[in-house]
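Colleague: The structure that follows is given in the form of structure tokens.
The values are calculated or read from the model by the stated rules, or taken from the named source; none is laboratory data. Every value quoted in this text rests on a predicted model; they were computed, and no experiment measured them. FYI the Cβ positions are ideal-geometry reconstructions off the backbone, even for glycines, and counts take in every protein chain you see. Accessible surface is based on the protein model in full, side chains and every heavy atom, while ligands, DNA and RNA are left aside. Shrake-Rupley method; radii C 1.70, N 1.55, O 1.52, S 1.80 Å.
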Amino acid sequence: MFSSVARIGRLSTKGSVLLLCDMQEKFRPAIYQFTNIVSNAARLLQACQILNIPQILTEQYPKGLGPTVPELGADGLKPHEKTSFSMLTDSVKSSLKTLGDPQQIILCGIEAQACIACTTFDLLEQGMEVHIVADAVSARSQTDRLFALSRLKQSGAFLTTTEGVLLQLVQNAKHPNFKEIQKLLAHPSPDTGLLALYSSL
């Protein structure tokens, strides 16, 4: 049953996990559309908390790059520290194992051409389905963001948006948590410059 679902990329609350990658203070002035990227990631985090979808947070060398920014709203998550570009450190792998080896990954954060790319490649090589939330992923330049997203799509990742993820997860206005999710959709997602990239993706 799951194999047919995985082939078309239909998200489910069962067997999914949200990965939040390296949204830290020192990146704030350097990353294109950082504030809006974090805003969208924060909505994804809130939705996953409402829907009981596990969340995993990483920080790249926090001693030098600082903590996760407070507006993400991830205070309740213990960050996994890393120096590798890939989020799949031993501690993250252990957490995924504890969660029953979820097969659908919702991925957001920075940077597209580095940690998001390396994480995606590792996940795909392990046979997992990766949904990259394009309006919650960025880089220092739009060029790197464009080519990273295009490259990852070529490799088999699904590109989606914050609102697309939220609606796919509930799928029905009769879902018991729909009204809570609807509140997160009260305002459209902020523009993160994706329309300028779309024809190339």
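Colleague: Go through the stretch 22-73 and count every residue that is open to solvent by 10 Å² or more (accessible area, probe 1.4 Å), of a type in the set (Gly, Ala, Ser) and touching a strand residue (DSSP E or B) at 6+ places or on another chain (Cβ under 7 Å).
Modeller: Adding up the residues that qualify gives 1.
Colleague: Taking the residues in the stretch 89-105 that are in contact (Cβ under 8 Å) with a residue 12 or more places away in the chain and polar (S, T, N, Q) as candidates, determine which candidate is most open to solvent (accessible area, probe 1.4 Å).
Modeller: Only one residue fits best here, namely GLN103.
Colleague: Residues LEU18, LEU77: which one is among the aliphatic types (A, V, I, L, M), surrounded by fewer than 21 Cβ atoms within 10 Å (Cβ to Cβ), closer than 22 Å to LYS97 by Cβ and touching a residue at least 24 places away in the same chain (Cβ under 8 Å)? Spell out how you get there, then give the answer.
Modeller: Values: LEU18 fails: surrounded by fewer than 21 Cβ atoms within 10 Å (Cβ to Cβ).
Just a single option satisfies the conditions, and that option is LEU77.
Colleague: If you check LEU194 against the conditions, is it out of contact with any Leu (no Cβ under 6 Å at 6 or more places or on another chain), open to solvent by less than 40 Å² (accessible area, probe 1.4 Å) and among the aliphatic types (A, V, I, L, M)? So that I can check it myself, show each step before the final result.
Modeller: Values: out of contact with any Leu (no Cβ under 6 Å at 6 or more places or on another chain): yes; open to solvent by less than 40 Å² (accessible area, probe 1.4 Å): yes; among the aliphatic types (A, V, I, L, M): yes.
Yes: the conditions hold for LEU194.
Colleague: Quick one: is GLU111 open to solvent by 10 Å² or more (accessible area, probe 1.4 Å), within 17 Å of ALA41 (Cβ to Cβ) and in contact with a Pro (Cβ under 8 Å, 6 or more places away or on another chain)?
Modeller: Numbers: open to solvent by 10 Å² or more (accessible area, probe 1.4 Å): yes; within 17 Å of ALA41 (Cβ to Cβ): yes; in contact with a Pro (Cβ under 8 Å, 6 or more places away or on another chain): no.
Answer is no for this residue.
Colleague: Can you run down the residue pairs with Cβ atoms below 7 Å, 6 or more apart or on separate chains, where the first is in the stretch 58-69 and at positive phi and the partner is at pLDDT 95 or above and surrounded by 13 or more Cβ atoms within 10 Å (Cβ to Cβ)?
Modeller: Correct list of pairs: GLY66/GLN24; GLY66/GLU25; GLY66/LYS26.
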